[in-house]
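First comes the structure, then the notes that go with it.
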Amino acid sequence: MTRLSNATLGALPAAVKKPIYNRADVKIGIVHLGIGAFHRAHQAVYTDDVLASCDHRWGILGASLLSPETRDALSPQDGLYTIAVRSAAGTEHRVIGSVTALLVAPENPEALIAAMADPQVKIVSLTVTEKGYCIDPATGCLDEQHPDIRHDGANPDQPKSAPGYLLAALYRRRALGVRPFTVMSCDNLPSNGEKLHTILVKLAGLRSDDFARFVETEVACPSTMIDRIVPQTIDEDRAIAKAALHLEDAWPIATEPFTQWVIEDRFPEGRPAWEKFGAELVADVAPYEAMKLKLLNASHTSLAFLGSLAGYRTVANAMNDPVIGEFITRFMTEDVTPVLSIPLGADVKAYATSLVERFRNPALKHRLEQIASDSSQKIPQRLLGTARDRLAKGLPLGRLAFSIAGFALYAKGLDEHGQPLFLKDPMAEMLHTSLIAAGDDAKAIVRVLVSHAAIFGPLGQEPQFVDPIILALSTLQIHGVKGALGSLN
């Protein structure tokens with residue numbers, strides 16, 4: 001069948017929304033590192049709306065830092081792809097045109113550095129996941145012993161890491177007399193802009209003190225909060241897109257109707273008018289970020305562990321189990337909300353209710369395995385902050401103990417029916433080996449888990465943190481997930 005491309009846009013059925021602007025007029029104003037599904041379902045959609053408003057300065061060059069998979073799928077399609085917005089009411093299909101060029105960094109590092117150094121590029125954004133920042137998850141600081149950071153410190157013009165690429169391009173722009181681009185993190189890190197800025201200054205100092213001062217004073221890194229559920233694309237998604245478009249799309253994306261983007265309004269070199277299309281430009285992102293990380297992301301992570309252990313494989317299936325659904329609902333309202341910093345005017349109860357509805361969306365097949373990936377990098381942001389807040393207020397660990405105990409059992413590699421579980425994580429082998437060696441004793445398992453200081457830091461030495469997890473894990477072993485969680489509801 002014929003492929004989706006610029007040449008075939010005119011053949012799309014009337015029901016499929018498509019770009020209404022001339023893509024040949026679009027200039028690249030944004031380079032995005034980590035051109036995965038989330039960016040293409042979120043920021044690229046907002047930017048597509050901006051381009052449709054006749055501001056053609058903001059086309060996106062998408063760069064993959066690891067795999068050529070996205071480039072290989074989308075380049076024959078001129079960067080076009082389908083987004084399928086699914087709900088219980090049905091599916092709407094739209095072709096997005098804002099990604100106008102694609103690169104694979106390891107194939108040609110110089111091409112990516114040159115693209116970012118182009119004066120017409122005003123923003124470089126990132127969705128490289130927590131591990132892409134090369135930080136120590138327990139401290140949130142740059143991991144100077146990370147292999148990519150050690151390489152980039154010694155070879156700053158031939159980088160491997162996302163921070164290394166950013167600095168190589170900023171260094172070149174400075175040498176050319178070009179103002180620095182704004183660096184915008186769109187990853188689930190608390191204070192993501194501030195954290196990225198600190199990382200860049202530290203890494204720049206390995207090149208020179210003068211360059212570090214330049215990055216510290218001249219490079220803007222606004223913080224953001226992003227929210228949309230985007231499952232991994234499966235063959236069924238491709239078949240559905242093919243039927244709707246009457247064209248082949250190698251990498252369509254399925255997502256939910258809900259989308260939110262909160263952005264710190266700090267762009268010295270200008271930005272698209274994203275606020276005209278639903279983005280919220282604010283002075284302080286932190287309260288929004290905390291609400292999302294500690295409600296949505298923490299609940300997702302808890303679901304990934306406990307739902308998988310119970311034998312479920314998708315968010316909707318796990319959330320529609322009455323016992324697990326009630327646990328997650330009360331986790332949000334009774335364990336997280338009492339220690340949450342809430343944005344002025346925000347209705348946290350309504351937000352939690354909306355999350356429950358979104359998690360139960362039967363049209364999205366969001367795999368729990370996908371959410372569980374890189375858990376060693378996610379848990380410090382999603383769960384441990386709330387744990388510290390509760391303990392600081394003299395509150396018990398509560399349901400957080402079951403979430404963390406669930407992680408220990410998940411990392412051991414089997415659900416409660418004896419079926420294998422797969423953890424894709426930088427620490428997966430280390431965790432699995434150490435937890436298997438701990439045997440079946442709950443105390444031994446938890447002691448081994450919290451001894452991984454890269455995840456738990458000093459918390460792993462605090463009895464008021466460790467003891468409830470031991471009890472929770474023992475309860476899960478004896479009664480199973482639904483029996484254990486049902487006793488809490």
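Rg of the Cα atoms in the chain, relative to 2.2 N^0.38 Å, amounts to 0.98. Could you check the spin-label model distance between K424 and I478? Points 7 Å from the Cα along Cα→Cβ, value in nm. Placing both labels 7 Å along Cα→Cβ, they lie 3.7 nm apart. From largest to smallest, the equivalent ellipsoid semi-axes obtained for the stretch 189-330 from the alpha-carbon gyration tensor read 36, 22, 17 Å.
What residues from the stretch 58-82 fall in the zone where the backbone N is under 15 Å from a label point 7 Å along the Cα-to-C-beta line of K17? What the label zone holds, given the 15 Å backbone N cut-off, is 81-82.
With Cα atoms defining each centre, the stretch 72-101 and the stretch 444-469 are spaced 44 Å apart in the structure.
For the pair H417 and V356 in one chain, pulling the backbone fully straight at 0.36 nm per residue adds 19.3 nm over the alpha carbon distance. Summary of the geometry: the stretch 269-284 and the stretch 102-129, compared by the centres of their Cα atoms, lie 22 Å apart. Is the shape of the stretch 284-406 rounded, prolate or oblate, going by the alpha carbon gyration tensor and its root eigenvalues a ≥ b ≥ c, with a/c under 1.5 for rounded and a/b larger than b/c for prolate? It comes out prolate by the Cα gyration axes. Of all stretches in the chain that contain no chymotrypsin sites (Phe, Trp or Tyr not before Pro) in a DSSP loop with at most 15 other Cβ atoms within 10 Å, the longest one is 1-257. Ranking of L306, L473, L247 by neighbouring Cβ atoms within 10 Å, starting from the fewest: L247, L473, L306. Within the shell of other residues whose beta carbon sits under 10 angstrom from the beta carbon of P137, the net charge comes to -2, with Lys and Arg scored +1 and Asp and Glu -1.
Under the convention that each Lys and Arg Cβ holds +1 and each Asp and Glu Cβ holds -1, the size of the dipole of the chain around its Cα centre is about 460 debye. What is the sum of charges, Lys and Arg at +1 and Asp and Glu at -1, for the other residues whose Cβ falls under 11 Å from the Cβ of A239? Net charge in that neighbourhood comes out at -3.
Based on the Cβ-Cβ distance of C141 and D210, what FRET efficiency does E = 1/(1 + (r/R0)^6) give at R0 = 25 Å, to the nearest 0.05? So the FRET efficiency works out to roughly 0.65.
With the cut-off at 22 Å, tell me which of the pairs K131/K482; K131/K365; K17/K276; K27/K292; K27/K122; K131/K195 have Cα atoms farther apart than that. Over 22 Å apart, Cα to Cα: K131/K482; K131/K365; K27/K292. Label-point separation (nm) for E334 and E369, each offset 7 Å from Cα along Cα-to-Cβ? Between E334 and E369, the label points sit 3.3 nm apart. Computed about its Cα centre, the charge dipole of the stretch 142-231 is approximately 280 debye, with only Lys, Arg, Asp and Glu carrying charge at their Cβ. Taking square-rooted eigenvalues a ≥ b ≥ c of the alpha carbon gyration tensor, is the stretch 92-142 rounded, prolate or oblate, where a/c under 1.5 means rounded and, failing that, a/b exceeding b/c means prolate? Note, shape of the stretch 92-142 comes out oblate. Each Lys and Arg Cβ is given +1 and each Asp and Glu Cβ -1; about its Cα centre, the stretch 333-428 then shows a dipole of about 100 debye. A Förster distance of 35 Å, applied to the separation of the beta-carbon atoms of L488 and E236, puts the FRET efficiency at 0.50.
Each of D157 and R266 was given a label point 7 Å from its Cα along the Cα-to-Cβ line. The distance between the two points is 3.2 nm. By its C-alpha gyration tensor, with a ≥ b ≥ c as the square roots of the eigenvalues, how is the stretch 340-391 shaped: rounded for a/c under 1.5, else prolate for a/b larger than b/c, else oblate? In terms of gyration-tensor shape, oblate.
Every number here is computed from the coordinates shown, using simple stated rules; none is lab data. As the structure is a prediction and not an experimental result, all values here were calculated from the model. All Cβ positions, even for glycine, are placed from backbone atoms using ideal geometry, and neighbour counts span all protein chains on display.
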